[in-house]
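Trainee: Structure below; questions to follow.
Coordinate-derived values only; no laboratory data. Quick caveat: nothing in here was measured; it's all calculated off a predicted structure. Ideal geometry is used to build each Cβ from the backbone, glycine not excepted, and the neighbour counts take in all protein chains shown.
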2 protein chains.
Amino acid sequence: MARRTGRRPGSPDTREAILVAARQAFAERGFDGASIRSIAAGAGVDPALVHHYFGSKDQLFLATMNVPFDPRELLPQITDGPPDAIGARLVRIFLGVWDSPAGAAGVALLRSAVSNEWTARLLREFVVTQIMRRVADQLAIDPSQAPLRASLVASQLVGMATVRHILKLEPLASTAPEVLVAAVGPTVQHYLTGDLSEAVG
Amino acid sequence: MARRTGRRPGSPDTREAILVAARQAFAERGFDGASIRSIAAGAGVDPALVHHYFGSKDQLFLATMNVPFDPRELLPQITDGPPDAIGARLVRIFLGVWDSPAGAAGVALLRSAVSNEWTARLLREFVVTQIMRRVADQLAIDPSQAPLRASLVASQLVGMATVRHILKLEPLASTAPEVLVAAVGPTVQHYLTGDLSEAVG
């Protein structure tokens, strides 16, 4: 076995060592609390090498999660358009990603997050910092309400992905995306912009 | 090791053998397709013994799922009362079960269903035959729409349980139940009785 274990630039081991240190840092200290500097120290490399391999902290985080796309590229498709249909657009984009080849990575990630506290923390950080915080900024949601609204949206989308792609409960598992956009879009819209305390029995 | 493996009445092995055969039958043929007779044959016992140990097929099914309560006892609490607040009542009862000691069994079941195709099938059968079918009957929902409505309700409730009790995404993980009843109740109500095809952008 001639496998090298050194941490020299250009070695696949260096990239992997950075990812291992980054996963640990993001899970333990959260996205905001983990710095490139501390991740580099954990991997025993120079911070410049982290930037060289992965670019920004955002991009490093996506790499640790094996997310095969950059949520920032999808964001304009959600936020551009009539504000009262942002829920429908969010559901449409979400279904599009899960129904695409990237969906397999989503299934693996969700399975892992449900069984593993560490991955759950990473997924939580991903959802909060990469998606919800940006949608809330774009919508100018009252900051005091944004976290609850965001976690309600997450509850519906995580549930839709789980029922459709993991539990495969019919007919939702094979319902056409636009049927779900019409059914679930108003829910997401309500969670984002509706009155959440309206009286019910 | 003096452990007995015989299938005699009164032996703990008999009860376990019936549960093993029942899990397999329910997962392979579904709740409706699995008969007490075939389960008894699979376990190598007399059908009367299955009834002796577990009572009805419903009760045997609950035992295979380790469900620590009988959904039929909760059903009147959901269906009794104003029809336009059934969504709120369903969310309230659901949260009550998950926040109770029985919630630990729910977390274990959901974790298992997400990682294991067999348990996923059992959970699917449980949700459809023990809960959704009964709620749909009580509400006299158009039978052609009932399955989609039921799986939409499941998507929201499974998602709420996952985000609150497994991913523990804040603030939803520690939000007071009545706040969630007010926020999520209207969603469930919409899925059960609303117009699911209203035009959205």
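Trainee: Defining the label point at 7 Å along Cα→Cβ, can you sort the distances from A:P47 to the same site in each other copy, shortest first, in nm?
Mentor: Copy-to-copy label distances for A:P47: 7.4 nm.
Trainee: What aspartates and glutamates could a cross-link reach from A:K57, if we take a straight Cα to Cα line under 14 Å and drop same-chain neighbours fewer than 8 places away?
Mentor: Straight-line reach from A:K57, under 14 Å: A:D32, A:D70, A:E125.
Trainee: Still on this model: Could you tell me the distance between the Cα centroids of the stretch A:105-125 and the stretch A:149-181, to the nearest Å?
Mentor: 17
Trainee: May I pose another question? Highest GNM mean-square fluctuation, chain B, Cα pairs closer than 10 Å: which of B:L95, B:L110, B:L49?
Mentor: Judging by the Gaussian network model, the answer is B:L49.
Trainee: Rounded to the nearest 20 Debye, what is the dipole magnitude of the protein assembly as shown about its Cα centre when Lys and Arg each give +1 and Asp and Glu each give -1 at the C-beta?
Mentor: Values: 40 positive and 38 negative charges, 359 e Å.
Approximately 1720 debye in magnitude.
Trainee: State the residue of chain A whose Cβ is nearest the axis carrying A onto B, and the distance in whole angstrom.
Mentor: Per the A/B rotation axis, the closest residue of A reads A:G159, 1.
Trainee: Here's a follow-up. Using helices alone, what [θ] at 222 nm do you get for the protein assembly as shown, with -39,500 (n - 2.57) per DSSP H run of 4 or more residues, divided over all residues and rounded to the nearest 500?
Mentor: Working: 22 runs with 263 residues, N = 402.
After summing the helix terms and dividing by residue count, I get -20500 deg cm²/dmol.
Trainee: Another question, if that's okay. Would the stretch B:56-201 count as rounded, prolate or oblate if I go by the C-alpha gyration tensor, calling it rounded below 1.5 in a/c and otherwise prolate when a/b exceeds b/c, oblate otherwise? List each step's numbers first, then the result.
Mentor: Working: a/c = 1.44, a/b = 1.15, b/c = 1.26.
In terms of gyration-tensor shape, rounded.
Trainee: Please check which bits of the stretch A:57-96 a label hung off A:D137 would reach, taking the label as a point 7 Å along Cα-to-C-beta and the cut-off as backbone N under 14 Å.
Mentor: Flagged as within label range: A:57-59, A:71-76, A:79.
Trainee: With the dipole of the stretch B:19-154 worked out from charges on the C-beta (+1 for Lys and Arg, -1 for Asp and Glu) around the Cα centre, which of B:A108, B:P83, B:Y53 lies farthest toward the positive end?
Mentor: Ranked along the dipole, the leading option is B:A108.
Trainee: Where the only charges are on Cβ atoms (+1 Lys, Arg; -1 Asp, Glu), what is the dipole of chain A about its Cα centre, to the nearest 20 debye? Mind showing how you got there, number by number?
Mentor: Numbers: 20 positive and 19 negative charges, 185 e Å.
About 900 debye.
Trainee: A further question follows. Compute the label-point distances linking A:E117 to its equivalents in the other copies; points lie 7 Å from Cα along Cα→Cβ; give nm, one decimal, shortest first.
Mentor: Counterpart label points of A:E117 in the remaining copies fall at 3.1 nm.
Trainee: For peptide B:163-173, compute the average count of partner chain beta-carbon atoms within 10 Å of each residue's beta-carbon. Walk me through the numbers on the way to the answer.
Mentor: Details: counts 11, 2, 0, 6, 14, 4, 12, 5, 6, 7, 2.
That works out to 6 on average.
Trainee: I need the inter-copy label distances for B:S35: point set 7 Å along Cα to C-beta, values in nm with one decimal, smallest first.
Mentor: Result for B:S35, in nm, nearest copy first: 7.2.
Trainee: Taking springs between alpha-carbon atoms closer than 10 angstrom, which of B:L172, B:L109, B:L60 fluctuates most in the Gaussian network model of chain B?
Mentor: Comparing B:L172, B:L109, B:L60 in a Gaussian network model of chain B, the most mobile one is B:L172.
Trainee: For the stretch B:70-164, give the magnitude of the charge dipole about the Cα centre (Cβ charges: +1 Lys/Arg, -1 Asp/Glu; no others), in debye to the nearest 20.
Mentor: Values: 10 positive and 9 negative charges, 43 e Å.
So the dipole magnitude of the stretch B:70-164 works out to roughly 200 debye.
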